[in-house]
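As structure tokens, the structure follows; a few thoughts come after it.
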Amino acid sequence: MITLYSKPACPYCDRAKIWLENNNIAYVVVNVMEDIRALEFIKSKGHKTVPQIYLGDSVLVEGGYDGLKKSDPNEIKERLAA
């Protein structure tokens, strides 16, 4: 399952959610403002912004929403099925 690390009032986070929903890709949202462990996790990976989009402990796409919108939804679905 994809994890979308997000925070409230983040337009790029909202766009990432819409992109995933429009492409019928399941995901869970983790609000880094409410989950300190999640915030520490993304910081430990070198990230300073959200959204960060992960599959397990690995980045699904680099670049948050900008990387996601350039992605092929079918390739993402194949990675999820593997």
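Just so it is clear, none of the values below were taken in a lab; they were calculated from the coordinates. If you're wondering where the values come from, they're calculated on a predicted model, not measured in any experiment. When we count neighbours, we look across all protein chains shown, and the Cβ atoms used for this are built from the backbone with ideal geometry, even at glycine.
Quick notes on this structure:
- Set of aspartates and glutamates near residue 77 by C-alpha distance (under 16 Å), chain-local residues within fewer than 8 positions excluded: 21
- Per principal axis, descending, Cα span of the chain in whole Å: 32, 25, 18
- In order through the stretch 35-48: 3J(HN,Hα) via Karplus (6.51 cos²θ - 1.76 cosθ + 1.60), integer Hz, x for Gly, Pro: 10, 4, 5, 5, 4, 5, 4, 5, 5, 5, 8, x, 8, 10
- Using a simple spin-label model with pseudo-atoms 7 Å out from Cα toward Cβ, residue 79 and residue 21 lie 2.2 nm apart.
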